[in-house]
Amino acid sequence: MIEEKNNDKSSLQETEIEEGFFVLRFQNETAGVLNEQKAVSSNFIQFHFCMKGRGDFLFNNGNYKFPVEEEHNILLFNPQQDLPINLQLESNSWMVSVLISIKKFHSLFSQDADHIHFLSSENSSKKYYDTAIISPSMAVVLSQILNANVHQSMRALYLKGKVYELLSLYFNKNEDANSEQCPFLVDEENVRKIRKAKEIVLLHMAEPPSLQALADEIDLSLSKLKEGFKQLYGDTVYGYLLTHKMEEARRMLESGKYNVNEVGLKIGYSTASHFIAAFKKKYGTTPKKYLLSLSS
């Protein structure tokens with residue numbers, strides 16, 4: 001059973017995949033540094049993936065800092081003491097973290113323990129830290145985890161499958177197989193350009209550029225833009241933008257600072273009726289009814 005906790009103020013989404021298995025999604029779109037804390041016991045292995053920006057993990061009451069740079073990840077395991085998360089996430093940064101108990105981890109990799117040296121009997125009681133670059137194939141899955149661009153009814157199953165896929169890619173040393181499955185996104189420069197395209201359309205959410213103008217700006221062909229965006233984010237450019245706009249609309253309504261007409265205008269709808277129709281299609285209710293449900 002999967003339970004989700006959302007904290008819009010701190011930009012943290014915590015999902016329990018199953019017992020002893022969690023995924024955390026951090027997004028800091030503010031101008032300042034965000035601090036996130038979570039107690040984690042010594043029987044958990046921690047994987048932290050910095051997709052964008054930078055984050056610092058603080059230990060020993062802040063006396064020790066473990067930085068994680070963009071497109072890098074770290075693995076932390078110390079069976080001798082608890083390693084609570086104390087993350088300082090820089091402005092405009094994204095992080096995905098996976099926490100898995102050693103018991104659950106053994107059940108997943110019991111047949112492959114020889115390939116994972118810190119699972120061996122002689123190392124099982126020793127602390128282990130590792131850092132590496134996020135591969136293009138992992139970057140695709142991480143983006144899909146962060147965005148989880150599927151219907152709410154399928155999100156639990158979707159996240160579980162993607163986190164399992166991420167771990168299999170993490171411990172897969174043969175990148176050639178991934179290259180065959182996703183040749184376009186193996187090129188790091190292509191990944192960078194597609195990420196830039198996403199940033200551009202979100203920055204100009206109310207008046208997004210045409211696909212051709214977007215392709216020209218990131219220096220990719222129109223077909224490569226469409227192909228790469230779908231592979232990296234699991235949706236078309238405008239499909240992804242629509243989902244983002246609806247999420248922004250929901251957050252603005254929840255803030256209580258804007259009425260329905262103001263929200264529609266801010267996210268790019270010239271008429272309230274078009275915004276109401278799009279919102280109802282996404283959430284199954286009108287913005288007005290959604291506001292009423294918040295106060296009931």
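Details
- Subset of region 199-238 (residues that are loosely packed, with under 15 Cβ neighbours inside 10 Å, farther than 25 Å from residue 53 by Cβ and out of contact with any Lys or Arg (no Cβ under 7 Å at 6 or more places or on another chain)): 207, 210, 212, 213, 216, 221, 222, 223, 238
- Members of region 251-274 that are touching a Gly at 6+ places or on another chain (Cβ under 8 Å) and part of a helix (DSSP H, G or I): 272, 274
- Neighbours by Cβ (under 8 Å, 6+ apart or cross-chain): first from region 73-86, assigned by TED's automatic domain parsing to the domain that holds residue 35; second among the basic types (Lys, Arg) and in a loop (DSSP other than H, G, I, E, B): 77/127; 78/127; 79/126; 79/127; 80/127
- For region 110-135, a residue qualifies if it is modelled with pLDDT of 70 or more and not in a loop (DSSP other than H, G, I, E, B), and the qualifying residues are 128, 129, 130, 131, 132, 133.
- Test: residue in region 253-270 that is crowded, with 18+ Cβ neighbours inside 10 Å, over 27 Å from the mean Cα position of the chain (by Cα) and β-branched (Val, Ile, Thr): yes
- Selection count where residues are among the charged types (D, E, K, R) and modelled with pLDDT of 85 or more, scope region 1-40: 7
- Qualifying residue in region 231-241 (condition: without any contact (Cβ under 8 Å) to a residue 24 or more places away in the chain and over 18 Å from the mean Cα position of the chain (by Cα)): no
- Residue pairs meeting the criteria (Cβ under 8 Å; at least 6 apart or on separate chains; first within 13 Å of residue 59 (Cα to Cα), in region 30-46; second in a loop (DSSP other than H, G, I, E, B) and aromatic (Phe, Trp, Tyr)): none
The values are calculated or read from the model by the stated rules, or taken from the named source; none is laboratory data. Since we're looking at a predicted model, the values are computed, not measured. In this analysis, Cβ positions are derived from the backbone assuming ideal geometry, glycine residues included, and neighbour counts consider all displayed protein chains.
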